[in-house]
Amino acid sequence: MQRKSFDLWVGLFVVLGALALLFLALKAGNMSGLSFEQTYPVAARFDNIGGLKPRAPVKSAGVVVGRVEDIRFDDKSFQAQVTLQLQSSYKFPKDSSAKILTSGLLGEQYIGLEPGGDTVALAAGDRIKMTQSAIVLENLISQFLFSKAAEGKEDTK
């Protein structure tokens, strides 16, 4: 009887371990937010997308309203073409703007939508014209260092 009890606990432990691995795999693949709601595609172009990845959330006012479906490089405009899948239950004005934001200091990147004031809503296949690229930390640091170096040169004159 003691052997069966031991086998039961080992089996339970193995099942819990497998569930934990499945959970981690879904989190790493950003698949935990899988939704079967109706969506509509909207495009946006950015000069720099930073570390934005497909399946990244699209948020408005902190609420997830969609996901990034596809990221491609447009060799004519030399910009990143990002396709967003917005949930059909959320309608945004045609003059809405999109910016790439970071959750936390070094967290994952997502797209933030800010609604405009237009009375006409975005439809499937429309493009968001007002975009703001990702802020690259290395660029900010180099700008800071160059400005400090320039201040030092002016002080020595």
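The values are calculated or read from the model by the stated rules, or taken from the named source; none is laboratory data. Computed from a predicted structure; not experimentally measured. Virtual Cβ from ideal backbone geometry, glycine too; neighbours counted across all protein chains shown. These area figures cover heavy atoms from the full protein model, side chains too; ligands, DNA and RNA do not enter into them. Shrake-Rupley method; radii C 1.70, N 1.55, O 1.52, S 1.80 Å.
Axis of helix 2-28 versus longest Cα principal axis of the chain: the two differ by about 20°, to the nearest ten degrees. Using the 1.4 Å probe convention, the accessible area of the chain works out to 70 Å² per residue with neighbouring protein chains retained. For the chain, the dipole from Cβ point charges (+1 on Lys and Arg, -1 on Asp and Glu) about the Cα centre works out to 380 debye, to the nearest 20. Of the labelled figures [x] 118; [y] 206; [z] 127, only one reflects volume of the Cα convex hull per residue in Å³ as derived from the coordinates, namely [y]. So what's the angle, to the nearest 10 degrees on a 0 to 90 scale, between helix 137-156 and the longest Cα principal axis of the chain? Compared with the principal axis, the helix lies near 40 degrees. Since only 102, 117, 145 are under comparison, the one whose Cα sits farthest along the positive direction of the charge dipole of region 80-147, derived from C-beta charges on Lys, Arg, Asp and Glu, is 117. In terms of its C-alpha gyration tensor, region 86-154 has a prolate overall shape, because the principal axis ratio a/c (a ≥ b ≥ c, square roots of the eigenvalues) is not below 1.5 and a/b outweighs b/c. Our helix-only sum for the chain, with -39,500 (n - 2.57) per DSSP H run of n ≥ 4 divided by its residues, gives a mean residue ellipticity at 222 nm of -10500 deg cm²/dmol.
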